[in-house]
Amino acid sequence: MKLKKFATGVFAMAAVAAALIFTGGTSVTAKAAVNTKSDIEIATRLHNYSRSASPIGSYLVDIGNGNMMRVQFDYDSSNIYVEYYDSQYNVTGVRQLAPELPIYGGFYSGSDAYYIVTGQKNEEESDTVECYRITKYDKNWNRIGSAGLYDCNTFLPFRAGCVRMTEADGYLFVRTSHQMYLSSDGLRHQANVTIQFDENKLVITDSYTDVMNSKYGYVSHSFNQFIKTEGNHLVAVDHGDAYPRSIVLTEYQTDFTNGQFISNMNYWKNPCKSTDLFEFTGEIGDNATGASVGGFEVTDSAYLVAANSINQEDTSDDRSRHDYRNVCIVGKSKRDGHTFVNWLTNLEGDLSATTPYLVKINDNKYLVMWSYQKRSVGAIDYTYIDADGSQISPVYTMNGMLSDCEPVYINDTVVWYTSDSDGNVTFYGVDSNGNALGSLNGLIYDGDNWVYYRNDNPDYGYTGLAANEYGWWYVSNGTIDFDYTGLAANEYGWWYVSNGTIDFSYTGMAANDYGWWYVSNGAIDFNYTGMAVNDYGWWYMTNGALDWNYTGMAVNDYGWWYMTNGALDWNYTGMAVNDYGWWYMTNGALDWNYTGMAVNDYGWWYMTNGALDRNYTGLAANEYGWWYMTNGALDLTYNGTADNEYGTWNVVNGHVEV
């Protein structure tokens, strides 16, 4: 690799092609793929592995205000290059760093610092050799300090694995791999490594590099490593070929906030919880598992892993070399602990999916991306899943390439880059709606119809809402449906559509496949509770939805009414209660004219002008006779005389004796 003299403003210009497409009176500007010329002449590697992963050499970091930083390792010179870009993908700066130990491991962008992990071979198996070093830099790449790991059963760091990091509560956590000291069988076996680093004191506070079992988070061989935090616990995923032979989830039970994620473990009380998310057939220790792992996310409801795999039920020889691989999401539910496999592709023949990426968009939306090993032109397929790992969109296709640059979510777009040895850098992106950066997307007028485009092609399979300069429209099978009236959803909510366009003036009830809803100014109003009317009558809504379980009083502009199972009950006559008291209803309506006795589950009562009258004491009549009321209630304990307009009467146990 050669690094040319950096010349700001000369070569550092992003070539962003734009095409103006005339569409019968309206125009759409479509930006082409973003190609940048760089003096860093390094080719990115593929994000794909057959048996074991390797350290990541390409990183992209959001540094704010639409600006980005890429970190690129040069496998030829062993240098690390840092290049800065503005929001228009123009190069604005570059610098070079040398790894502190001979073997590069990985990079991590922390909340207020950068970290680089390096290592060195320990051929003599000496406990005094620094096998791993964590170096901390500030955000301007000024070196702050470092800490090294010695006496760690390591012959070769990062062997047949990766380096991934995360941080929490002032600690940096490193999950990687190593080839261990010579064992009694004459072999140097491989396993995972976990390190905890105090970001403020710049010391390693805990690590695990021994040979043990899964209760200690140990996996061997571990061909790929992922690490996250959840509360004050570590959560990790490994690609194992022996102990265990699976994609394995490790949930640490110890509290790492005191500086120890494993050394404070009590084997009998809080060992690591190990779950086989996806088991591989074949012999224990057979390096060919026919699978790879590309992403790990912890959601509110599950642990999700993006992977690919051959048909594990196929026991023929050399399965991983000849069989095609399909993409899947494997995971574990937090609700009941069950594991699952959700297949996203169903490939056959020569087409085989590469190692997928998994990128968080929000708490309930994640992007899964993959490519193909035997496709003649560069193409990427992608889809979206929810927090449970269920697919929530079709599989989309875009032109482009994936690389070992893990995509990052910046300004509503998932972005990554590829580069070649001539200094050509290409940025790719997919926005949260699934539209590829630089492609023609959305509603385009073709002279006869408005057609929905995705990634430069008409998408006649699309049905849903889409926007143009004239508003939001309902699209059916790729074209605006001016005959559609009803509810439709986009990323902002549910909306009422009249004759194909969102009707922001509409307030009232509307139905979809999930029931009846209350719409206010064109949008479902999930805060609305009260009565609403449609062609079938008056109904009671709770939080915007027709509430079939509601029975009781409700009010509208016309008065108070009695609802039964969510509907105004015109047949109901009797007492009902609301926040203001008990009332008398006639044919479903509060009857302000009613004065007399009425009954409910609690007894007989006296009503005056439709309301329970707790001030009334005296005689009252119903179909069973005359009765004595005290404070509005039938008083069966009263014995004596009482007067009404008809005379004086003898009352026994509350009833007038005739």
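Observations, loosely collected:
- Of note, N435 satisfies the criterion of being polar (S, T, N, Q), within 24 Å of the chain's Cα centre (by Cα) and open to solvent by 20 Å² or more (accessible area, probe 1.4 Å).
- Options F197, F173: the member that is at pLDDT 95 or above, open to solvent by less than 50 Å² (accessible area, probe 1.4 Å), farther than 24 Å from H47 by Cβ and assigned to a strand (DSSP E or B): F197
- Among the residues of segment 524-544, the one identified as in a strand (DSSP E or B), under 28 Å from the mean Cα position of the chain (by Cα) and surrounded by fewer than 19 Cβ atoms within 10 Å (Cβ to Cβ) is T542.
- Take the conditions (1) farther than 21 Å from S309 by Cα; (2) open to solvent by less than 30 Å² (accessible area, probe 1.4 Å); I380 misses just one of them, which is (1).
- Close pairs from segment 115-140: first open to solvent by 10 Å² or more (accessible area, probe 1.4 Å), partner in a loop (DSSP other than H, G, I, E, B) and of a type in the set (K, R), Cβ under 9 Å, at least 6 apart: V129/K121
- With respect to (1) part of a loop (DSSP other than H, G, I, E, B); (2) surrounded by 18 or more Cβ atoms within 10 Å (Cβ to Cβ), the lone exception for V82 is condition (1).
- For segment 607-658, a residue qualifies if it is in a strand (DSSP E or B), open to solvent by 70 Å² or more (accessible area, probe 1.4 Å) and either of a type outside the set (D, E) or in contact (Cβ under 8 Å) with a residue 60 or more places away in the chain (or both), and the qualifying residues are W626, T641, T648, W649, N650.
- Selection count, segment 396-412, where residues are at pLDDT 95 or above and open to solvent by 20 Å² or more (accessible area, probe 1.4 Å): 3
- Where Q96 falls short, out of the listed (1) open to solvent by 10 Å² or more (accessible area, probe 1.4 Å); (2) of a type in the set (S, T, N, Q); (3) touching a residue at least 12 places away in the same chain (Cβ under 8 Å); (4) not in a strand (DSSP E or B): (4)
- T166 satisfies every condition listed in (1) in contact with a strand residue (DSSP E or B) (Cβ under 6 Å, 6 or more places away or on another chain); (2) under 22 Å from A53 (Cα atoms); (3) surrounded by 19 or more Cβ atoms within 10 Å (Cβ to Cβ) except (3).
- Residue within segment 45-62 that is open to solvent by less than 30 Å² (accessible area, probe 1.4 Å), within 26 Å of the chain's Cα centre (by Cα) and among the polar types (S, T, N, Q) present: yes
- Those residues of segment 335-374 which are polar (S, T, N, Q) and in a loop (DSSP other than H, G, I, E, B), in sequence order: T345, N346, S352, T354, T355, N364, S371, Q373
- N35 fulfils the conditions (1) part of a strand (DSSP E or B); (2) at pLDDT below 50; (3) open to solvent by 60 Å² or more (accessible area, probe 1.4 Å) except for a single criterion, (2).
- Any chance N90 is touching a residue at least 24 places away in the same chain (Cβ under 8 Å), closer than 30 Å to D286 by Cα, touching a strand residue (DSSP E or B) at 6+ places or on another chain (Cβ under 9 Å) and open to solvent by 10 Å² or more (accessible area, probe 1.4 Å): no
- Segment 451-505: number of residues that are modelled with pLDDT of 95 or more and charged (D, E, K, R): 3
- Checked against the criterion of being in a strand (DSSP E or B), under 30 Å from W538 (Cβ atoms) and free of Cβ contacts under 8 Å to residues at least 24 places away in the same chain, segment 586-598 has at least one qualifying residue.
- Of the numbered criteria (1) within 26 Å of V163 (Cα to Cα); (2) out of contact with any Asp or Glu (no Cβ under 6 Å at 6 or more places or on another chain), the one Q391 fails is (1).
- Scanning segment 375-407 for residues that are among the hydroxyl-bearing types (S, T, Y) and not in a loop (DSSP other than H, G, I, E, B) yields Y382, T383, Y384, Y396, T397.
- Selection from segment 474-515 of residues that are surrounded by fewer than 18 Cβ atoms within 10 Å (Cβ to Cβ), small (G, A, S) and within 27 Å of the chain's Cα centre (by Cα): A489, G493, G515
- Criterion violated by D314 - all others in (1) open to solvent by less than 50 Å² (accessible area, probe 1.4 Å); (2) of a type in the set (D, E, K, R); (3) in contact with a Lys or Arg (Cβ under 9 Å, 6 or more places away or on another chain) satisfied: (3)
- Selection count where residues are part of a loop (DSSP other than H, G, I, E, B) and not small (G, A, S), scope segment 431-481: 18
- The number of residues in segment 457-469 being touching a residue at least 24 places away in the same chain (Cβ under 8 Å) and either open to solvent by 40 Å² or more (accessible area, probe 1.4 Å) or among the charged types (D, E, K, R) (or both) comes to 3.
- For L443: the one exception among (1) aliphatic (A, V, I, L, M); (2) buried (at least 20 other Cβ atoms within 10 Å of the Cβ); (3) in contact (Cβ under 8 Å) with a residue 40 or more places away in the chain; (4) over 18 Å from G378 (Cα atoms): (3)
- Among (1) of a type outside the set (S, T, Y); (2) more than 25 Å from K228 (Cβ to Cβ); (3) modelled with pLDDT of 95 or more, the one test that K139 misses: (2)
- Across segment 228-244, the number of residues qualifying as more than 16 Å from Y216 (Cβ to Cβ), touching a residue at least 24 places away in the same chain (Cβ under 8 Å) and either open to solvent by 20 Å² or more (accessible area, probe 1.4 Å) or small (G, A, S) (or both) comes to 4.
The values are calculated or read from the model by the stated rules, or taken from the named source; none is laboratory data. What you see is a predicted model; the values in this text were computed from it and never measured. Methodologically, a virtual Cβ is constructed for each residue, glycine included, from the backbone with ideal geometry; neighbour enumeration extends over all protein chains shown. To get the accessible areas, we keep the full protein, side chains included, count just its heavy atoms, and leave off ligands, DNA and RNA. Shrake-Rupley method; radii C 1.70, N 1.55, O 1.52, S 1.80 Å.
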